[in-house]
Amino acid sequence: MNALVLAAVLAANPTPITLEDARVRSRENTQALTAVLQASSAEQDVRVARSSLLPQVRLSAGASVNYVGPQRDYNVVPVEGGGFQRLPTDTPEVLYPGFNLGVSVSQLLYDRAVWARLSQSGAQLEAARGQALEQQDTSELEGIQRFFALLRTQATIQVLEANVRRSEQQLERARALYQAGRVGKAEELSALVNLGNDRIAVVTRQSQLAADQVRLVTWLAMPGAEAAVAVDPGVMNQPPAPAPSLDMALREARTRRPLLVVLRQQLRAAELQESIARAGYLPRLSLSGNFQHAAPDAEIFFSRPDRQNSVSGGISLSWDLFNGFTTQAQTRRAEYQSRISELNLQQSERELEGAVRQAHEALVTQLAATELAEANRKVAAAALTLAEERFNAGVSSTLEVRDAQLKLTQAELTLLENRIDVEIARFALMRAMGTLAPGEAK
């Protein structure tokens with residue numbers, strides 16, 4: 001039976017995925033890349049805001065033709081002897097061409113709102129970058145959890161297969177003792193039924209294995225039909241590292257968590273919105289210049305660049321002395337939004353501390369549970385050895401061995417669950433602290 005299961009797994013030709021592969025690919029999956037593109041879009045918003053402070057140069061050129069049809073006008077002229085008379089004047093149809101070339105330059109000298117918008121776009125860019133890091137951390141933690149979910153299922157199948165091998169050995173012992181006349185046929189039949197149930201448990205886990213493979217590969221932007229196998233990072237072969245102190249975890253979270261960077265920059269952007277609104281109370285100063293070369297026909301326009309030219313320039317000051325209290329209302333609204341951002345930051349800081357404490361406690365609890373599970377597994381293994389010895393001596397039944405066997409299998413599964421939960425809890429704490437990604441990425 002084990003050979004059949006192994007053959008089925010190998011036939012799928014699974015792609016090995018290490019924990020490091022899952023972490024790196026998760027930071028580059030669809031959700032993470034979307035957040036990075038949004039940060040890049042915010043970077044362009046900074047360039048747009050900066051463009052208002054640079055000279056604005058416009059070139060314009062054009063050619064036109066005006067058609068005027070036959071016209072009749074009347075001229076009033078004096079006549080001899082006094083009086084006036086109207087003389088008709090007929091004008092034939094005519095075409096009037098026109099050519100124009102112009103260059104205009106304008107430079108903003110002072111507008112407080114423009115400078116404030118530039119600073120605000122910078123704060124929004126930093127917030128978008130922080131949000132991208134936050135999403136990358138979220139994606140990485142999800143990839144880690146899916147990786148360990150697949151590893152848990154693989155390890156569970158291995159534990160169940162080990163239980164199948166123990167049941168096969170028990171069947172052989174019961175059969176040998178029955179043939180020797182030391183136990184009844186019922187012991188052999190009971191061992192055979194137990195073996196069948198254990199094989200069924202292994203087979204039914206294959207669907208969960210496929211589900212966990214699909215969840216992992218799709219999250220890593222791999223083809224959904226691709227089979228994968230999680231490479232054991234060795235968590236079951238080494239004792240777990242102790243948890244960091246809660247004070248250290250809180251200090252790291254306050255300084256390195258991208259979410260706090262996002263909220264702080266959002267608060268700064270809201271405060272700069274107040275400056276933008278208050279700029280309505282101040283004047284705006286700008287400088288402009290214009291050059292134009294225009295002619296009624298192509299010959300003069302193209303052959304005489306020294307003629308038909310005009311240059312103008314000026315400086316303008318505009319000041320909204322009264323706009324119906326619009327500036328006052330916009331300023332108040334910006335102040336309220338700034339206060340809302342400040343309250344959100346304070347609440348998020350409190351929630352972050354709670355999340356760090358909760359994640360820290362979860363890690364400490366899982367470490368303690370793992371220690372207990374390891375001790376329990378050792379006791380269950382000793383109990384199974386004792387039960388098998390008693391059965392071989394003919395002083396116990398298959399039922400006693402089966403009970404000890406199931407307890408050992410359950411103890412191994414409990415240890416497996418807790419050991420993997422330790423790693424998930426550790427990465428969850430790192431996520432809450434903002435230390436999930438390498439320091440260079442921060």
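The values are calculated or read from the model by the stated rules, or taken from the named source; none is laboratory data. Quantities reported herein were computed from a predicted structural model and do not represent experimental measurements. Heads up, the Cβs are rebuilt from the backbone with ideal geometry, glycines too, and the neighbour counts pull from every protein chain shown. The accessibility values were calculated without ligands, DNA or RNA, using every heavy atom of the protein model including side chains. Shrake-Rupley method; radii C 1.70, N 1.55, O 1.52, S 1.80 Å.
For segment 284-322: of the residues being farther than 25 Å from residue 55 by Cβ and charged (D, E, K, R), which is least open to solvent (accessible area, probe 1.4 Å)?
By that ranking, first place goes to 297.
Every condition in (1) open to solvent by less than 50 Å² (accessible area, probe 1.4 Å); (2) part of a loop (DSSP other than H, G, I, E, B) is met by residue 275 except one, and the failing one is (2). Look at residue 171 and say whether it is in a helix (DSSP H, G or I), among the aliphatic types (A, V, I, L, M) and closer than 21 Å to residue 380 by Cβ. Yes, satisfied. Of 395, 364, all but one fail to be open to solvent by 30 Å² or more (accessible area, probe 1.4 Å) and outside any helix (DSSP H, G or I); the exception is 395.
To keep it simple, each residue is scored yes or no on (1) modelled with pLDDT of 95 or more; (2) among the aromatic types (Phe, Trp, Tyr).
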position	(1), (2)
89	no, no
92	no, no
96	no, yes
101	no, no
128	no, no
147	yes, yes
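Inclusion of residue 221 among residues that are within 30 Å of residue 14 (Cα to Cα), in contact (Cβ under 8 Å) with a residue 40 or more places away in the chain and either surrounded by 15 or more Cβ atoms within 10 Å (Cβ to Cβ) or not β-branched (Val, Ile, Thr) (or both) is warranted. The residue of segment 64-103 that is farthest from residue 298 (Cα to Cα), among those that are under 60 Å from the mean Cα position of the chain (by Cα) and open to solvent by 80 Å² or more (accessible area, probe 1.4 Å), is 66. Within segment 185-204, residues that are closer than 13 Å to residue 171 by Cα and open to solvent by less than 30 Å² (accessible area, probe 1.4 Å) have Cβ atoms under 8 Å from residues that are at pLDDT 90 or above and β-branched (Val, Ile, Thr) in these pairs: 195/164; 198/164, counting only partners at least 6 apart in sequence or on another chain. Apart from one condition, residue 253 fits all of (1) open to solvent by less than 30 Å² (accessible area, probe 1.4 Å); (2) closer than 19 Å to residue 424 by Cα; (3) at pLDDT below 90; the exception is (3). Is it the case, given these coordinates, that residue 173 is touching a residue at least 60 places away in the same chain (Cβ under 8 Å), open to solvent by 30 Å² or more (accessible area, probe 1.4 Å) and over 30 Å from residue 295 (Cβ atoms)? Yes, satisfied. All conditions in (1) open to solvent by less than 30 Å² (accessible area, probe 1.4 Å); (2) more than 30 Å from residue 50 (Cα to Cα); (3) in a helix (DSSP H, G or I) hold for residue 134, with the sole exception of (2).
Restricting attention to segment 29-41, does a residue exist that is of a type outside the set (Asp, Glu), under 30 Å from residue 203 (Cβ atoms), open to solvent by less than 50 Å² (accessible area, probe 1.4 Å) and modelled with pLDDT of 90 or more? Checking segment 29-41: not a single residue is of a type outside the set (Asp, Glu), under 30 Å from residue 203 (Cβ atoms), open to solvent by less than 50 Å² (accessible area, probe 1.4 Å) and modelled with pLDDT of 90 or more. Pairs are defined by a Cβ separation below 8 Å, a sequence spacing of at least 6 or placement on different chains, a first member in segment 315-344 that is touching a residue at least 12 places away in the same chain (Cβ under 8 Å), and a second member that is open to solvent by 60 Å² or more (accessible area, probe 1.4 Å) and part of a loop (DSSP other than H, G, I, E, B); the pairs so defined are 327/320.
Residues checked against (1) assigned to a helix (DSSP H, G or I); (2) in contact with a helix residue (DSSP H, G or I) (Cβ under 9 Å, 6 or more places away or on another chain); (3) within 26 Å of residue 423 (Cα to Cα); (4) not polar (S, T, N, Q):
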{"site": "337", "(1), (2), (3), (4)": "yes, yes, no, no"}
{"site": "342", "(1), (2), (3), (4)": "yes, yes, no, yes"}
{"site": "349", "(1), (2), (3), (4)": "yes, yes, yes, yes"}
{"site": "352", "(1), (2), (3), (4)": "yes, yes, yes, yes"}
{"site": "360", "(1), (2), (3), (4)": "yes, yes, yes, yes"}
{"site": "372", "(1), (2), (3), (4)": "yes, yes, yes, yes"}
{"site": "381", "(1), (2), (3), (4)": "yes, yes, yes, yes"}
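When residue 129 is tested against the conditions (1) touching an Asp or Glu at 6+ places or on another chain (Cβ under 9 Å); (2) open to solvent by less than 60 Å² (accessible area, probe 1.4 Å), the lone failure is (2). State which residue is nearest to residue 94 (Cα to Cα) when the search covers only segment 24-83 and only residues that are without any contact (Cβ under 8 Å) to a residue 60 or more places away in the chain and assigned to a helix (DSSP H, G or I). Among them, the one singled out is 51.
Tell me yes or no: at least one residue of segment 186-195 is closer than 20 Å to residue 420 by Cα and polar (S, T, N, Q).
Among the residues of segment 186-195, not one is closer than 20 Å to residue 420 by Cα and polar (S, T, N, Q), which makes the answer no.
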